[in-house]
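The values are calculated or read from the model by the stated rules, or taken from the named source; none is laboratory data. Quantities reported herein were computed from a predicted structural model and do not represent experimental measurements. FYI the Cβ positions are ideal-geometry reconstructions off the backbone, even for glycines, and counts take in every protein chain you see. Side chains included, ligands, DNA and RNA excluded: accessible areas come from the protein's heavy atoms. Shrake-Rupley method; radii C 1.70, N 1.55, O 1.52, S 1.80 Å.
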Amino acid sequence: MAGRAKVVITDYVWESLDVERKTLGDLAELVALKTKKPDEFLPEARDCDALLNTYAGPITADVMSKMPKCRIIARYGIGVDTIDLDAATQAGIIVTNNPTYCIEEVAEQTMALILASARKIPFYDRMVRSGRWEVPPGKPIYRLAGRTLGLVGFGNIARAVAVRAAAFGMCVLYADPFVKEGQFDAPARKTELDSLLSESDFVSLHPPLTPDTRKMMNDRAFSRMRPSAFLINCARGPVVDTDALVRALDAKKIAGCALDTTDPEPLPDPHPLRGRENVIVAPHAAWYSEQAMAGLQAGAPGEVRRVLTGEWPLNVVNRAVKGKNRAGL
């Protein structure tokens, strides 16, 4: 393997590594692991030139200091909350993500959860399976057209949700301090977060997980929502203070919630969110389709190949690293 780079895959969720081998085989020795924590992958990663990462972490400054040759950490996915970006920049390590691989899928899942909540489909399905054939237990139900959807965050996915919601006749609001009114051609109106919470029939979460957004849906936020409103989360579980959500449901401060992501994840059994008729929980599946899986698997090794061949990657998260990185790019 002389002259070839060493690329360590910390963890992966697909059956075959044919894509990685095809993308990197002529450049790198691939070491594929299925780990969860740094102390499990560091024995192999200490002399790596690149790290491909899905969920294993957190990848902190201390972890990076133990990978002195690592030029790039390429994440299979959008969120990079498990990677210390400032530490990576200080160390000269390029960090990339894959910001577009599942936009359609998560937007579709968000709308599916909105519709399932509005029409109480899981509730009626469980009732029929138990032998009951009745409409009244699901009352009240309101038509979706004319109701208000509030989008917390207005990135690629949220804008795709806005288009879909508008097609159902919904009024769409968004709150995002980094997006100006009219910046994007999307059917939504900008407002402040407090106004969004108090005006929306459905509040759908789409921010990245940062120190500022962690547990942003707390007791105060839930107190601003309508008692008839539903919370939808296809972003990151820790954006919601789970204990506060349970308190809001117990106190009937909100009508219910539909969660593709939870904190903790997976959701323990038993847990106060389980078994409620007004709670829908999916196992972090919003990102998945066969097409998205192909895009997910190809993105990160493609970025590693670019760095190993002297090219600047397409989706660099810590852009300040340009010009002062270990790859010399």
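Listed by position, the helices (runs of 4 or more DSSP H) inside the range 68-140 whose residues that are of a type in the set (Lys, Arg) number at least 1 are 103-119, 121-129.
Among the residues of the range 308-325, is there at least one that is closer than 21 Å to Val19 by Cα, of a type outside the set (A, V, I, L, M, F, W, C) and free of Cβ contacts under 8 Å to residues at least 60 places away in the same chain? Checked the range 308-325: at least one residue is closer than 21 Å to Val19 by Cα, of a type outside the set (A, V, I, L, M, F, W, C) and free of Cβ contacts under 8 Å to residues at least 60 places away in the same chain. Candidates in the range 133-166 are the residues that are open to solvent by 50 Å² or more (accessible area, probe 1.4 Å) and out of contact with any helix residue (DSSP H, G or I) (no Cβ under 9 Å at 6 or more places or on another chain); of these, the one that is nearest to Ala229 (Cα to Cα) is Pro140. Among residues of the range 180-201 that are on the phi > 0 side of the Ramachandran plot, those with a Cβ under 9 angstrom from a residue that is surrounded by 11 or more Cβ atoms within 10 Å (Cβ to Cβ) and charged (D, E, K, R), sequence gap 6+ or separate chain, pair up as Gly182/Lys190.
Tell me which residues, restricted to the range 60-74, are open to solvent by 20 Å² or more (accessible area, probe 1.4 Å) and free of Cβ contacts under 8 Å to residues at least 40 places away in the same chain. Can you show your working first?
Let us first name the residues in the range 60-74 that are open to solvent by 20 Å² or more (accessible area, probe 1.4 Å), namely 60-62, 65-66, 68-69, 71.
Scanning the range 60-74 gives Thr60, Ala61, Asp62, Ser65, Lys66, Pro68.
Report whether or not Gly77 is among the small types (Gly, Ala, Ser), surrounded by fewer than 22 Cβ atoms within 10 Å (Cβ to Cβ) and over 21 Å from Thr23 (Cβ atoms). No, not satisfied.
Of all the residues in the range 77-99, those that are under 15 Å from Ile157 (Cα atoms) and β-branched (Val, Ile, Thr) number 1.
Just one of the listed residues (Thr35, Thr89) is over 30 Å from Pro283 (Cα atoms), open to solvent by less than 50 Å² (accessible area, probe 1.4 Å) and of a type in the set (S, T, N, Q), and it is Thr89.
For the range 167-176, the count of residues that are open to solvent by 40 Å² or more (accessible area, probe 1.4 Å) and aliphatic (A, V, I, L, M) is at least one.
Under 24 Å from the mean Cα position of the chain (by Cα), open to solvent by 50 Å² or more (accessible area, probe 1.4 Å) and aliphatic (A, V, I, L, M): is that true of Ile94 in this structure? When the stated conditions are applied, Ile94 does not pass them. Filter the range 188-212 for residues that are surrounded by 18 or more Cβ atoms within 10 Å (Cβ to Cβ), more than 18 Å from Arg159 (Cβ to Cβ) and not hydrophobic (A, V, I, L, M, F, W, C) and give the result. Asp201, the sole residue that qualifies. Inspect the range 110-132 for any residue being open to solvent by 30 Å² or more (accessible area, probe 1.4 Å), in contact (Cβ under 8 Å) with a residue 60 or more places away in the chain and closer than 23 Å to Glu29 by Cβ and give the result as yes or no. No, because not a single residue in the range 110-132 is open to solvent by 30 Å² or more (accessible area, probe 1.4 Å), in contact (Cβ under 8 Å) with a residue 60 or more places away in the chain and closer than 23 Å to Glu29 by Cβ.
Taking Asp49 as the residue in question, decide whether it is surrounded by fewer than 22 Cβ atoms within 10 Å (Cβ to Cβ) and either among the acidic types (Asp, Glu) or free of Cβ contacts under 8 Å to residues at least 60 places away in the same chain (or both). Explain how you work it out, then say what you get.
Working: surrounded by fewer than 22 Cβ atoms within 10 Å (Cβ to Cβ): no; either among the acidic types (Asp, Glu) or free of Cβ contacts under 8 Å to residues at least 60 places away in the same chain (or both): yes.
Answer is no for this residue.
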